[in-house]
1. Being outside the structural domain of residue 68 (by TED's automatic domain parsing), surrounded by 13 or more Cβ atoms within 10 Å (Cβ to Cβ) and closer than 24 Å to residue 103 by Cβ narrows it down to one residue among 138, 189, 201; which is it?
2. On the given criteria, is residue 149 in contact (Cβ under 8 Å) with a residue 12 or more places away in the chain, closer than 23 Å to residue 217 by Cβ and assigned to a loop (DSSP other than H, G, I, E, B)?
3. Scan segment 44-58 and tell me whether some residue there is more than 23 Å from residue 336 (Cβ to Cβ), modelled with pLDDT of 75 or more and more than 23 Å from the chain's Cα centre (by Cα).
4. Do we find a residue being modelled with pLDDT of 95 or more and part of a strand (DSSP E or B) anywhere in segment 308-315?
5. I need the full set of residues from segment 234-259 which are touching a strand residue (DSSP E or B) at 6+ places or on another chain (Cβ under 7 Å), at pLDDT 95 or above and either more than 17 Å from residue 279 (Cα to Cα) or assigned to a loop (DSSP other than H, G, I, E, B) (or both), in order please.
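The values are calculated or read from the model by the stated rules, or taken from the named source; none is laboratory data. In this text, all values refer to a predicted model and were calculated from it rather than measured experimentally. Quick reminder, even Gly has a Cβ in these numbers, built from the backbone with ideal geometry, and neighbours come from all protein chains shown.
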């Protein structure tokens, strides 16, 4: 990653040292390496999932934090980057893939409320957010230790709700909390799938006890429908034989874009993988100085795997360019906008999507 002083620069400008004054650095802090995600298999081995998860994208990742944004009992995470896309939310779908009937029963959620209600340090009570508290859990006879920390990433903090996996166990034999103040609380036979709020000062608890429990899972269907209703549309006239494809991949391109040519094998793989009735793949020139004749000549000379819409109206080409510009704060090519059959924008990304990314969106629009 790059230094703080360089955060305002785009990655493509890293060779420009004009803003560093007399003392010019000799090495860049950015190695151009993509982000990684490793999945632990019961602590015995790790699987590299960065390609499958979509983390291996060109963004200059800076920090990540965990949260369960959809309240399904599985940690999701957010990645912040120095360049576009600045923020990406990754939803954890391992639960619905491998444990569809778990319904939150494979975890326990913990929140911590320290007794200090002021901004000043206290010798009697711990910080309000519970930072520094040590949690010991006895799960199926196996001890687990967790610590409430203010952050494991660069200028980022995880959700204040700590999720702890319990596997097939229906009860946590004991939860023991030791606060930074030295106070200790324990609770035995805690049901899995619950949200447990631990109060350092029991007088602040609704039940006047150190531990207060309530259901954790939430019905997220309402929120999902709301997000779908607010979907932005891309006004493009796309040619179809009979009926619109379930998904449309619209790539912003130009005849002078080297990346557009370099990524053609990925476009060809997508075209080979998905039937045209399911996925339409199109190229749209977003350099408005290029005429339809120029685009048509380029298409004939290079034979790209997507159909270049050389006759698309100028206002539609401009609409795509403006959407890419608004999303990435730059006129990027190639950039791909993925829409549903009605033109609703599902995702906008740099480069060309992977087969896995397209499969995921195809499943979502087909209700699988």
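1. Going through 138, 189, 201 in turn, just one is outside the structural domain of residue 68 (by TED's automatic domain parsing), surrounded by 13 or more Cβ atoms within 10 Å (Cβ to Cβ) and closer than 24 Å to residue 103 by Cβ: 138.
2. Here the answer is no, as residue 149 does not meet what is asked.
3. The answer is yes; a qualifying residue exists.
4. yes
5. Correct list: 253, 254.
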